[in-house]
Amino acid sequence: MSRPDTDHLLLPDAEADVRPSPQGAAARRALLAHPAMLLIGIVLASLNMRAALASVSPLVSDISQSFGLSSTASSLVTSVPVLFLGLGALVAPWFARRFGSEPVLLFALLLLAVGILVRVAPSTVALYGGGVLVGTAIALLNVLMPGLIKRDFPDRAASMTSVYTGAMIAGATLVAASSVPLEKAFGGSWEASLAVWSLLAVLAAVAWLPQVLIARGRTGHEVRVPSARPGPGSYGSASASGTTGKSVWRSALAWQVTLFMGLQSLWSYVLIAWMPTIFTDHGMSRSTAGVIFAFNNLIQVAGAFAVPLLAGRMRSQRPLIVLVTSLVAAGYAGLMIAPVSGAWLWAGVLGIGQGGAVGLALTMIVLRSGDAQTAARLSGMAQTVGYLLAAVGPLAAGAVHQATGGWTIPIALVLGVCAAALAVGLFAARDRTV
């Protein structure tokens, strides 16, 4: 089977079912006349896409002590936002079609700033409620950013993808390395250390405000109007066997892609929630654990950049599935056997595997889709189900840790997740389309 041209499919679009009105087309031309302003907005927004999640992990022990939380309850601090990454992905495309990407993206950044501040209020209800707002806001950013880049930079989608993913990882790295030093600078206040990152979200929102005004135009006309709804046959592209009209939710291949997305997200969010704690529980200082956690985030850039490039040149991505799952499994095994003495090595191995896995999961959404609408729908399915599945990871790891008093069994269970990801990934990586 010949490989479809995937250049135009590189990024699924949350607004795939809408077209610009004449006023909207004129406003978009005005917007693109200022590409530097748009680029700054994209970079600032991307810096926020993991920062609010990465800021919690180095401080989770202090948060737990402050509220008297058990390991299971502590895991909810990171699990709740991840859960709403999935639930938020359900509504993000509707908001994008109804209001346009720019206004919804601005709303998401403001919601993120509010969620970060709510999370540090002196109440467990606020702690978890702020996590709900943070997860919902990041879900909107996750869904909207790829489509916005695809729409406004169709000829530079690959390079702009590198810019936004690089900024996303850079934000997480900066925050992970700074959380404990900021806490010390603020006199031991974990609340202030977390709250300061709301300023980053506000700064990004300020950068997006002019673009919202330009996108709407001076006449007050809406920038987008609904196009004709696709017929039943548009919900699934031609499959390998040539059939059409198949919903992605009834496709075995779509479920295989989705499960790989979810399982690789699960092992990543377990690390986001617990990696510094694993190190400190074995005697490492919190500052050193935070720096190693930041290094793990930074090194993900290598895998996230290289693996998608390789995947696009291969008819079957099975060798890459084996590679990334093996790296992650090796890193987790290292955390079980020698967590402190090999900490830098395991953080690096895990980082390359994590970055490569998420890049491969996103790339397979495109490669397994025969057209742009299928890619958009498969992306929504993979993000929704994937993040709902991933939310189980930190919670289960915390509960098992609390029950067993150690990290051996939780890590062994994640190794089982790696085995499951390998199995389902080998099916998802076949040269077929939904």
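The values are calculated or read from the model by the stated rules, or taken from the named source; none is laboratory data. Everything numeric in this text was worked out from a predicted model, so none of it was measured. Heads up: the accessible areas ignore ligands, DNA and RNA and are worked out on the full protein's heavy atoms, side chains in. Shrake-Rupley method; radii C 1.70, N 1.55, O 1.52, S 1.80 Å.
A 1.4 Å probe, protein heavy atoms only, puts the accessible area of Glu183 near 10 Å². Dividing the alpha-carbon radius of gyration of segment 314-363 by the rule-of-thumb value 2.2 N^0.38 Å gives 1.23. Working value for segment 375-417: equivalent-ellipsoid semi-axes of 29, 10, 4 Å, each the square root of 5 times a Cα gyration tensor eigenvalue, largest first.
What is the mean projected area of the alpha carbon convex hull for segment 297-430, to one decimal in square nanometres? Projected area, direction-averaged: 8.3 nm². Taken per residue, the accessible surface of segment 332-434 reaches 32 Å², heavy atoms only and a 1.4 Å probe.
Legend: residues Asp155, Asp62, sorted from most to least accessible area (1.4 Å probe; ligands, DNA and RNA excluded), read Asp155, Asp62. Global dimensions of segment 91-135 from alpha-carbon coordinates: Rg and Dmax equal 12.4, 38 Å. Here the accessible area of segment 51-107 is 68 percent carbon and sulfur, with a 1.4 angstrom probe and all protein chains present. Altogether, the Stokes-Einstein calculation at 20 °C and 1.002 mPa s, with the Kirkwood radius of segment 41-185 over Cα pairs as Rh, returns a diffusion coefficient of 136 µm²/s.
Taken over segment 288-327, the convex hull of the Cα atoms encloses 49 Å³ per residue. Dimensions of segment 28-122 based on its C-alpha atoms, expressed as ranges along the principal axes with the largest first, amount to 54, 27, 18 Å. The accessible area of Ile40, taken with all protein chains in place and a 1.4 Å probe, comes to roughly 100 Å².
Scaled to the globular estimate 2.2 N^0.38 Å, the Cα spread of segment 151-202, given as radius of gyration, is 1.57. Extension gain for the segment Thr288 to Phe67, taken as residue separation times 0.36 nm less the Cα-Cα distance, is 77.1 nm to one decimal.
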